[in-house]
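To start, the structure itself, in structure tokens.
The values are calculated or read from the model by the stated rules, or taken from the named source; none is laboratory data. If you're wondering where the values come from, they're calculated on a predicted model, not measured in any experiment. Cβ atoms come from the backbone with ideal geometry, glycine included; neighbour counts cover every protein chain shown. For accessibility, only protein heavy atoms count, side chains too; no ligands or nucleic acids. Shrake-Rupley method; radii C 1.70, N 1.55, O 1.52, S 1.80 Å.
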Amino acid sequence: MLKENYLQMIKNSPKTRMFRNFFLADENGKKSDILKDGDLACAFFVSCVLKIFSLIDYPHATVDGAIKDMLENGWRRTKKLEPGNILLWEKNKKGHRHLGFYIGDKKAVSNFYEKRYPAIHHYINFWKTGANQPERAIEQIFTHPGIK
């Protein structure tokens, strides 16, 4: 029941604040929230869900770290959109790429930086419902044999 439980957790995640903060201390002991109170939480959200289901080794605060771990744990690039796939969107104006989950019916779940929690949205038009042009194109799609 891995796929069913995995998809249900993703679908139940909108508005949760549990992926909003992650603190680290520098060499002087100064604490900082590396997720910036949810502004940069997409990789942490995705990787925490993947870790819960043993689909990667560790949670990650960066998109690059999450993708590296995914590829080392059986995730592969695909062109086929299926529920449970991980979507990697192109860089935004700030130069940040974005990760989220495809849940089917042209919908995705990813961290909504303005609200600072996961939300369901159109898989390419993001938060601008009804927009004719994609806000961010999909750069890559990832699949895992365990969720087929």
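General remarks:
- A cut-off under 14 angstrom between Cβ atoms defines the neighbours of Asn21, and their net charge, with Lys, Arg +1 and Asp, Glu -1, is +2.
- Shape of the chain, Cα gyration tensor, a/c cut at 1.5: oblate
- Net length available on complete extension from Met18 to Ala137 is 40.1 nm, with 0.36 nm assigned per residue and the Cα-Cα distance removed.
- Relative contact order [Cα under 8 Å, 6+ residues apart], region 77-126, whole percent: 25
- Percentage relative contact order, the chain, counting C-alpha pairs under 8 Å, at least six apart: 26
- Computed over region 14-90, relative contact order equals 18 percent, with contacts defined as Cα pairs under 8 Å that lie 6+ residues apart.
- Charge context of Pro59, other residues only, Cβ under 12 angstrom, K/R +1, D/E -1: -1
- In terms of the mean number of neighbouring beta-carbon atoms within 10 Å, the peptides 75-88, 4-17 order highest first as 75-88, 4-17.
- Take the chain with all the other protein chains still there, run a 1.4 Å probe, and you get 57 Å² of accessible area per residue.
- Packing here is the average count of other Cβ atoms within 10 Å per residue, and on that basis the peptides 56-69, 100-113, 36-49, highest first, run 36-49, 100-113, 56-69.
- FRET efficiency for Lys36 and Lys79, using Cβ-Cβ distance with R0 set to 30 Å, rounded to 0.05: 0.35
- Atom-type composition of the exposed protein surface of the chain places 51 percent of the accessible area on carbon and sulfur (1.4 angstrom probe).
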